[in-house]
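Asker: Quick one: this structure, given as structure tokens, is what I'll be asking you about.
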Amino acid sequence: GPRGVGLVITPWNFPIAIPCGGIAASLAAGNTVLFKPASAAVLTAWELVQCFYRAGVSKKTLQFVPCAGSTAGSELTGNPEVDYIILTGGTDTGLRILKNRPDIQLAAETGGKNATIVTAMSDRDQAIKNIVHSAYSNSGQKCSATSLVILEKEVYDDELFRRQLVDAAKSLKTGSCWEFQNKVGPIIAPPEGDLHRALTELEEGESWALKPEPVAGHPYIWRPGIKWGVQPGGYTHMTEFFGPVIGVMRAQHLDHAIDLVNMTGYGLTSGLESLDRREQEKWKAGVRAGNLYINKGTTGAIVLRQPFGGMGKSALGAGIKAGSPNYVYQFMDFAETGYPAVGDISADSHLLRMVNEWQIDLRWNRFDTDLARDLEKVVYAVKSYLYWWEQEFGREHDHFHLRGQDNHLRYLPKGRVVVRIHEKDSVFEVLARIAAARITGCTATVSIPPGLSNVVTAFLESHHGRRFFRNGEIVEQTDQRLCEIMGEIDRIRYAAADRVPAGVYEKAAETGFYVSRTPVYMEGRLELLQYLQEQAVSNNYHRYGNLGERGLI
């Protein structure tokens with residue numbers, strides 16, 4: 001069923017596509033929607049809602065709320081009648097929303113400091129073409145735009161590469177968007193703050209390979225800029241700019257380049273220019289970003305083909321990508337009315353052997369009634385989790401199979417997951433979370449409030465419990481201690497939203513740390529999403545239309 005009232009807050013730079021996605025997903029899940037567009041895009045937003053109204057959507061179901069975010073916006077985001085918020089905007093905006101309403105379910109795609117790495121094993125002409133398109137299309141005002149170019153030392157020191165990059169950027173015609181020969185058009189407003197500094201100032205060690213300048217003194221139209229010699233940890237390296245300027249850095253090798261990318265803390269899009277498969281695999285394993293692009297531009301993500309959403313400071317919430325097969329789930333509430341259907345499971349596992357033993361014991365009534373009811377649910381849950389891990393989450397999926405381009409959606413384990421116990425938790429709710437974390441490849445720690453002693457803790461200490469969670473860590477932690485370690489873990493999994501203390505919500509809101517608190521499901525298609533991070537990888541494996549050995553398959 002629907003979650004209730006959804007608030008959709010959208011930016012100006014994609015004034016149709018982004019709001020259409022948030023509104024359509026919310027309506028598809030059965031919710032009513034409050035739509036607050038960016039002030040600079042109110043007219044296009046108004047035309048969009050007319051499309052929904054003409055299609056038969058009620059004006060009560062979809063309500064258009066144009067207002068200034070700096071004033072009335074906080075009234076909307078803080079209103080207890082709002083059940084969830086979809087935001088596309090700045091990281092600071094997302095954190096302000098969480099500060100105003102720490103317990104809100106927020107699905108936010110936020111900022112990006114996106115980098116393209118160019119190695120010595122790249123096609124350098126192709127790299128320049130992709131960089132220029134990614135950096136300067138829409139005047140660099142896409143959240144996915146390349147903002148950093150990190151060159152392996154051989155490429156950085158290649159004077160010809162530098163000249164070609166500068167020449168390619170300089171050759172882009174810049175001016176009014178009504179003159180169709182122009183490739184770089186206006187920015188949304190005269191530059192100020194970080195963007196003005198980026199377009200006009202240099203930091204220590206930097207120089208202008210191509211100095212950006214306004215066209216004929218026009219404050220809205222700037223020619224592309226290239227900063228050379230950007231230093232690790234410097235302002236240009238770490239700060240998001242939303243305009244036609246890139247910073248170029250020198251890396252000793254690919255590992256160094258990956259470290260420079262990850263240092264920013266953002267993780268929206270990332271590009272690699274390399275023809276070496278070994279480098280491609282190393283980069284995919286090391287770089288932390290939601291959308292990865294190999295030998296192609298970092299912009300222009302397409303629904304389902306490259307579902308969109310980031311990691312780190314580039315996402316707030318559960319991290320389920322817009323345009324992915326799972327996106328609508330987060331705007332729904334689910335109630336399980338029976339046991340999940342489970343297909344064949346091919347792999348053997350410790351957990352599967354255990355629940356099969358329990359199933360036999362349950363038939364012989366070897367557990368008391370309440371415990372038997374919980375363990376029977378655990379049996380079905382573990383089998384459902386293993387089935388969905390094999391069928392969906394443990395595999396990469398290419399839904400299109402385009403000739404010359406791979407587009408894989410894959411699921412990465414979230415990492416260090418704390419299963420937080422509450423006095424109201426059942427044995428099922430605890431064991432199911434432990435099983436889900438382990439099956440998805442996460443490191444699970446069971447966290448128990450000091451002094452808690454009940455049927456759950458007794459089971460964990462029993463022979464059955466120790467076998468189920470063998471070699472697992474069980475610790476006693478206060479809520480305060482749990483808050484203190486948020487920077488050391490990747491997710492806290494509670495069994496219900498009303499079991500999360502207000503102080504935990506408030507501490508998590510300070511940094512945007514996501515506290516998972518959906519009900520614990522037996523259905524693996526739902527539960528496993530709480531322990532995974534979606535990532536899309538798009539790879540142009542052809543070279544100028546030549547498929548190479550792939551063409552023989």
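The values are calculated or read from the model by the stated rules, or taken from the named source; none is laboratory data. All values derive from a computational prediction rather than experimental measurement. No Cβ is skipped: glycine too gets one built from the backbone with ideal geometry, and neighbour counts run over all protein chains shown. Note: areas computed on protein heavy atoms with side chains; ligands, DNA, RNA excluded. Shrake-Rupley method; radii C 1.70, N 1.55, O 1.52, S 1.80 Å.
Asker: Using protein chains only and a probe of 1.4 angstrom, how many square angstrom of Cys483 are accessible, to the nearest 10?
Answerer: That residue has around 20 Å² of solvent-accessible surface.
Asker: Right, another one. Expressed as a rounded percentage, what relative contact order does the chain have, with Cα pairs under 8 Å and six or more residues apart? If you can, show how the numbers build up before the last one.
Answerer: Working: 1124 pairs, mean separation 75.2, N = 553.
Relative contact order, the chain: 14 percent.
Asker: Calculate how large, on average over all directions, the projected area of the Cα convex hull of the stretch 106-241 is; give the answer in nm² to one decimal.
Answerer: Orientation-averaged projected area of the Cα hull: 9.5 nm².
Asker: For the stretch 11-127, what is the largest minus smallest coordinate of the Cα atoms on each principal axis, given in angstrom and ordered from greatest to least?
Answerer: So the extents along the principal axes, rounded to whole Å, are 57, 36, 27.
Asker: Continuing with the same structure: Test of understanding: extend the Cα→C-beta vector of Asp123 to 7 Å, then name every residue of the stretch 402-421 with backbone N under 17 Å from that spot.
Answerer: Counting only backbone N, you get 403-407.
Asker: Once the Cα gyration tensor of the stretch 474-535 is found, what semi-axes does its equivalent ellipsoid get, as square roots of 5 times the eigenvalues, in whole Å, sorted largest first?
Answerer: They are 21, 14, 12 Å, listed from largest to smallest.
Asker: Among Ile9, Leu43, Thr32, whose Cα projects farthest towards the positive end of the dipole of the stretch 1-101, with charges put on the beta-carbon of Lys, Arg (+1) and Asp, Glu (-1)?
Answerer: Thr32
Asker: Further question: What are the radius of gyration and Dmax of the stretch 427-538, computed over its Cα atoms and given in Å?
Answerer: Spelled out, the Cα radius of gyration and Dmax of the stretch 427-538 are 14.5, 50 Å.
Asker: Under the rule of at least 5 residues apart or a separate chain, name every residue whose amide H is placed under 5 Å from the amide H of Asn295.
Answerer: Hits under the 5 Å cutoff: Leu272, Glu273, Ser274.
Asker: Per the Debye formula with a single identical scatterer at each Cα and no solvent contribution, what log10 I(q)/I(0) holds for the stretch 344-472 at q = 0.13, 0.17 Å⁻¹?
Answerer: Log10 of I(q)/I(0), two decimals: -0.60, -0.92.
Asker: Go from 0 up to the bin containing the longest alpha carbon distance in the stretch 212-272, width 10 Å each, and give me the % of pairs per bin.
Answerer: Reading upward from the zero bin: 19, 47, 24, 10, 1.
Asker: Also, quick follow-up: State, to one decimal in nm², a quarter of the convex hull surface area for the C-alpha atoms of the stretch 510-553, i.e. the direction-averaged projected area.
Answerer: 6.7
Asker: Translational diffusion coefficient of the stretch 193-299 at 20 °C, 1.002 mPa s, Stokes-Einstein with Kirkwood Rh over Cα pairs, in µm²/s as a whole number.
Answerer: In µm²/s, the coefficient rounds to 142.
Asker: Let me ask you something else. Give a quick list of trypsin sites (Lys or Arg not before Pro) in the stretch 331-410 that DSSP marks as loop, anything other than H, G, I, E or B, with at most 12 other Cβ atoms within 10 Å.
Answerer: Hits after loop and neighbour filter: Arg366, Arg395, Arg403.
Asker: Here is a follow-up. Taking one equal scatterer on every alpha-carbon of the stretch 298-417, how large is log10 of I(q)/I(0) by Debye at q = 0.10, 0.21, 0.23 1/Å?
Answerer: Once normalised to I(0) and log-transformed, intensities are -0.48, -1.27, -1.37.
Asker: Counting other Cβ atoms within 10 Å, keep those with at most 14, restrict to DSSP loop, and tell me which trypsin sites (Lys or Arg not before Pro) in the stretch 463-553 are left.
Answerer: In loop regions of the stretch 463-553 (DSSP not H, G, I, E or B), the sparsely surrounded trypsin sites (Lys or Arg not before Pro) are Arg470.
Asker: How large is log10 of I(q)/I(0) for the stretch 308-349 at q = 0.15, 0.18, 0.22, 0.23 Å⁻¹ when the intensity is taken from the Debye formula with one equal scatterer per alpha-carbon?
Answerer: Normalising to I(0) and taking log10 leaves -0.65, -0.78, -0.83, -0.84.
Asker: Here is a follow-up. Grab the beta carbon distance between Asn356 and Met238, set R0 = 45 Å, and tell me the FRET efficiency rounded to 0.05. Please list the in-between numbers first.
Answerer: On the way: r = 52 Å, r/R0 = 1.16.
Efficiency at R0 = 45 Å is approximately 0.30.
Asker: What is the percent carbon and sulfur in the accessible area of the chain, measuring with a 1.4 Å probe over the protein chains and ignoring ligands?
Answerer: Details: 12330 of 24140 Å².
So the carbon and sulfur contribution to the accessible surface is 51 percent.
Asker: Which whole-angstrom value gives the distance between the alpha carbon centres of the stretch 441-485 and the stretch 9-88?
Answerer: Between the Cα centres of the stretch 441-485 and the stretch 9-88 lies a distance of 42 Å.
Asker: For the stretch 190-322, what does the accessible surface come to per residue with a 1.4 Å probe? Please give it in Å².
Answerer: On a per-residue basis, 38 Å².
Asker: Kindly work out what percent of the DSSP beta bridges joining two residues of the chain are antiparallel, to the nearest 5.
Answerer: 25
Asker: Also, quick follow-up: Suppose all protein chains stay in the model; what accessible area per residue would a 1.4 Å probe give for the stretch 95-145, in Å²?
Answerer: Computed with neighbouring chains in place, this is 31 Å² per residue.
Asker: May I pose another question? Using a 1.4 angstrom probe with every protein chain in place, what is the largest-first accessible-area order of Lys113, Lys170, Lys296? The partial results should precede the final answer.
Answerer: Numbers: Lys113 10, Lys170 135, Lys296 30 Å².
Largest to smallest exposure gives the sequence Lys170, Lys296, Lys113.
Asker: Turning to a different aspect of this structure: Using all Cα-Cα distances in the stretch 159-239, what percent lands in each 10 angstrom bin from 0 up to the longest?
Answerer: 17, 44, 33, 6
Asker: For the stretch 8-68, compute the orientation-averaged projected area of the C-alpha convex hull (one quarter of its surface), in nm².
Answerer: It is 3.5 nm².
Asker: Something else now. Considering only the other residues whose Cβ falls under 14 Å of the Cβ of Thr146, what net charge follows from Lys and Arg at +1 and Asp and Glu at -1? Display every interim value, and only then the final one.
Answerer: On the way: positive: Lys113, Lys129, Lys142, Lys227, Lys296; negative: Glu240, Glu273.
Surrounding charge for Thr146 is +3.
Asker: Enumerate the helices in the chain for which the Kyte-Doolittle hydropathy averages 0.0 or more and the C-alpha atoms extend at least 30 Å along the helix's axis, using complete DSSP H runs.
Answerer: none
Asker: Using a cut-off of 19 Å between alpha-carbon atoms, which aspartates and glutamates can reach Lys377, once sequence neighbours fewer than 8 places away in the same chain are excluded?
Answerer: Glu336, Asp344, Glu357, Asp361, Asp368, Asp425, Glu429, Glu523, Glu527
Asker: As an exercise, identify the GluC sites (Glu not before Pro) in the stretch 67-146 lying in DSSP coil whose Cβ has no more than 12 other Cβ atoms within 10 Å.
Answerer: Glu81
Asker: How fast does the chain diffuse by Stokes-Einstein, in µm²/s, taking the Kirkwood radius from C-alpha pairs at 25 °C and 0.890 mPa s?
Answerer: The Stokes-Einstein estimate is 97 µm²/s.
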